[in-house]
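The values are calculated or read from the model by the stated rules, or taken from the named source; none is laboratory data. Because the structure is predicted, anything quoted here is derived from the model rather than measured. Here the Cβ positions follow ideal geometry from the backbone for every residue, glycine too, while neighbour counts run over all protein chains shown. Each accessible area value is taken on the protein alone, full model and side chains, heavy atoms only, with ligands, DNA and RNA left out. Shrake-Rupley method; radii C 1.70, N 1.55, O 1.52, S 1.80 Å.
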Protein chains: 6
Amino acid sequence: MDQERNSRNTGSGGSEVRQNRFEHGLGVLSRIDGESGHRVVESLDDISPELGHQIVAWAFGDMYDRPALPPRDRQLVTLGMLTALGGCEVELDVHVNASLNVGLSPEEIVEALLHAAVYCGIPKSLNATLVAKKVFGERGLLPVAGT
Amino acid sequence: MDQERNSRNTGSGGSEVRQNRFEHGLGVLSRIDGESGHRVVESLDDISPELGHQIVAWAFGDMYDRPALPPRDRQLVTLGMLTALGGCEVELDVHVNASLNVGLSPEEIVEALLHAAVYCGIPKSLNATLVAKKVFGERGLLPVAGT
Amino acid sequence: MDQERNSRNTGSGGSEVRQNRFEHGLGVLSRIDGESGHRVVESLDDISPELGHQIVAWAFGDMYDRPALPPRDRQLVTLGMLTALGGCEVELDVHVNASLNVGLSPEEIVEALLHAAVYCGIPKSLNATLVAKKVFGERGLLPVAGT
Amino acid sequence: MDQERNSRNTGSGGSEVRQNRFEHGLGVLSRIDGESGHRVVESLDDISPELGHQIVAWAFGDMYDRPALPPRDRQLVTLGMLTALGGCEVELDVHVNASLNVGLSPEEIVEALLHAAVYCGIPKSLNATLVAKKVFGERGLLPVAGT
Amino acid sequence: MDQERNSRNTGSGGSEVRQNRFEHGLGVLSRIDGESGHRVVESLDDISPELGHQIVAWAFGDMYDRPALPPRDRQLVTLGMLTALGGCEVELDVHVNASLNVGLSPEEIVEALLHAAVYCGIPKSLNATLVAKKVFGERGLLPVAGT
Amino acid sequence: MDQERNSRNTGSGGSEVRQNRFEHGLGVLSRIDGESGHRVVESLDDISPELGHQIVAWAFGDMYDRPALPPRDRQLVTLGMLTALGGCEVELDVHVNASLNVGLSPEEIVEALLHAAVYCGIPKSLNATLVAKKVFGERGLLPVAGT
């Protein structure tokens, strides 16, 4: 998917800079989101390749990769945000996977979503928890050991 | 589902207190939500039994059951909140059922969701009304007598 | 404020119909919101008189006044919605006043906003409760008798 | 669908006024939303014909038809709002269709939804873009020429 | 503030259990939020002491204190949620303070709020960052060392 | 403000690229937002210069400046989004100013915010309209000619 997007030229610099930013971001995306992240970006190829580029080059390459907060911590913030926003089940699916990829345990993810009940209310906590259940089921991680 | 959750021990008191709070809440949940509420709580058994416990013991046992507002009034507030939050179709399904269970008529529920158009806009009012249509259909309550 | 708005002519009918709808709504607004509702509508006179017209003629005249749900019930739904939406402190102020005007007791209002903690989370419940505290203070209704 | 709704009488005027407002709105709805708008309104016939009436007579007849902003501009505002609200996929589907109907190009729609990433974040921009992909696919407009 | 709230009796158990849960939560609240948390709870004394009780006994005593996620991790989730919800400046103020109290550095807090730009958009990231600026200013922590 | 931010080096390329992207964005920001945009970015200097950099280099330089949608159209989308999000009064202030700067008339801005009543509900439409009133007052544009 990268070649075509790469050859476009925007205000963010020459096409070589654009290509470099994209390739750097693609490495980050692969480490964090793995397959599910790639699938989302590829789904944009025929409708908004620029959104795909920005997800890769900006969101992952520029922002996610900054060293001031490690991936595990970013995922805790992200789980909180996606739960609070609501209606982001597709993205929560990707980020529950990402959270497991960067070292959060199923128990920690479930606890973060339980914690969300206090600040976002029960319905959003429940919605997010049911997304986690789906992802954990796909990865053979059910049942989660309760506390 | 109650036995397992019951035996866990948290900061909210000894396991007996925890068990008592849970059983009290289960009675409230049964009166208000009926089957659909139980199904939601059971769906949490293998992923977040503690969220299930909090829904039963805290949301229903401690909060919903307070006498300062009767169930019918609580459902009016709840329909307003779930409509405004958006993305809570699963919970609206449960609470449209609950609203019928505690004595709101189909006409009153539809009117509350119409009223939501003024404060939340047409799209959220529409989304909630289509959830009510699904629930009313399942319970043989369509068509609703208009006004 | 009504005369000027009245004389405008829109697609909703001739100017006489428009005037009649406005005057009908003004009566409803006065009964429900009293002074604080009038102040909001008047604040729109030099920026968006049409929004003021729609609040009066549509929101209050057409929608709020429908008989299928009495004002007290509408206010319960409205308190739930405004709490859930967030960032609507100005409107919550008007509608806490309105809730008192149509017969909800301070205790019932406080309980509805406490109930919101379950569905919207503690922060939004807290924000709304602090608006109620301000309104109750202005009307000499503090402290509210707890339960 | 119109006859039945027409014959109801509300505070917004006599049944003739109500009928006229409805018919005027129906013309606007047809021009803007076409088939998909009619389907939404018809889906309300057995649950909330009054919400259907308000969508037609108020949202389209009174508000959308005002001359101060042409349909193309209204659709830009509407795409922004529905993307920001979240959880409004059904309505976005209707309004991506409407946006095409009133003269926005697929490229402009995609760019508006990309622009939304800055103000609403990537997840909501992505959700809206995937709705556009579905609509464009149905209308044979894929792939969209990137920039 | 505790004595009065303590003596109330609800469905969550006898008054002794209620008192114990409250006192346990008060210890957690003091450790995490310090003074700013106490001020929020006290501000509820004359309007909704029960909301104050639930914040202390449930949110802090039952939920926050669970061992499955340490306070630092909970604060990362919380910063994400409050930023995403919007309109929660009062609560963000308390929780930026709490984040510092439990060991997050100013740089980590700022980075978490920057990360929020990707998922919630620039405006909500900006709003939250300006709250952090206010809190850091009060605690003599400005300027924050950039990266 | 630019020099210091410029010298930082991130994953988005060498410091020269970073400087170029920033300077390009600064030109766009100046054209669109004028003074009020600069003030927002400067307010970040001692708390999150990187957020300031991203607003300038990414939001304005990369995204806003894309030719597929002219500034006037972007502002219509943006007014819709900020109204729908709620709690973004600071940003709405900047963007009502920006909307005037890029050629939207006061009447068009007011109409866009009135249109928002249909999709976001009256309260958010009202909140945004009162921000426009403040900005128009500061720029001597009141009263706005109604329709």
Tally, over the range C:99-119, of residues that are in contact with a Leu (Cβ under 9 Å, 6 or more places away or on another chain), closer than 18 Å to C:Asp65 by Cα and not polar (S, T, N, Q): 2
Sort through F:Val94, F:Val90 and tell me the only one that's surrounded by fewer than 23 Cβ atoms within 10 Å (Cβ to Cβ), assigned to a helix (DSSP H, G or I), in contact (Cβ under 8 Å) with a residue 40 or more places away in the chain and hydrophobic (A, V, I, L, M, F, W, C). F:Val90
Residue within the range B:73-84 that is in a loop (DSSP other than H, G, I, E, B) and more than 23 Å from A:Val110 (Cβ to Cβ) present: no
Among the residues listed as E:Leu69, E:Leu79, E:Leu51, E:Leu44, the single one being touching a Ser or Thr at 6+ places or on another chain (Cβ under 9 Å) and at the interface with chain A (Cβ under 9 Å from one of its Cβ atoms): E:Leu79
With respect to the numbered conditions (1) at the interface with chain B (Cβ under 8 Å from one of its Cβ atoms); (2) under 14 Å from the mean Cα position of the chain (by Cα); (3) aliphatic (A, V, I, L, M); (4) closer than 19 Å to F:Lys124 by Cβ, which one is the sole condition not fulfilled by C:Ala84? (2)
Some residue of the range D:17-28 being within 14 Å of chain F (Cβ to nearest Cβ), under 12 Å from the mean Cα position of the chain (by Cα) and in contact (Cβ under 8 Å) with a residue 40 or more places away in the chain: no
Residue by residue through the range A:115-138, note down the ones that are in a helix (DSSP H, G or I), facing another protein chain (nearest Cβ under 7 Å) and of a type in the set (Gly, Ala, Ser). A:Ala116, A:Ala117, A:Ser125, A:Ala132
So in the range E:34-58, with the set limited to residues that are open to solvent by 10 Å² or more (accessible area, probe 1.4 Å) and assigned to a loop (DSSP other than H, G, I, E, B), which one is farthest from A:Tyr119 (Cα to Cα)? E:Asp46
Any pair with Cβ under 7 angstrom, 6 or more apart, that starts in the range D:66-78 at a residue that is more than 19 Å from D:Asp93 (Cβ to Cβ) and ends at one that is buried (at least 22 other Cβ atoms within 10 Å of the Cβ): D:Arg66/F:Glu111; D:Ala68/F:Glu111; D:Leu69/F:Glu111; D:Leu69/F:Ala112; D:Leu69/F:His115; D:Asp73/F:Leu76
Please go through the range D:116-138 and pick out each residue that is open to solvent by less than 10 Å² (accessible area, probe 1.4 Å) and either in contact (Cβ under 8 Å) with a residue 24 or more places away in the chain or of a type in the set (A, V, I, L, M) (or both). D:Ala116, D:Ala117, D:Val118, D:Cys120, D:Ser125, D:Leu126, D:Ala128, D:Ala132, D:Val135, D:Phe136
Test for C:Arg31: is it open to solvent by 10 Å² or more (accessible area, probe 1.4 Å) and either under 14 Å from F:Lys133 (Cβ atoms) or aliphatic (A, V, I, L, M) (or both): no
Name the pairs: first residue in the range C:99-112 and within 7 Å of chain B (Cβ to nearest Cβ), second residue open to solvent by 20 Å² or more (accessible area, probe 1.4 Å), Cβ to Cβ under 6 Å, at least 6 apart or on different chains? C:Glu107/B:Ala68; C:Glu111/B:Ala68
In the range C:12-28, how many residues are at pLDDT below 90 and either open to solvent by less than 30 Å² (accessible area, probe 1.4 Å) or in a loop (DSSP other than H, G, I, E, B) (or both)? 3
Quick one: would you say E:Ser105 is surrounded by fewer than 24 Cβ atoms within 10 Å (Cβ to Cβ) and of a type in the set (S, T, N, Q)? yes
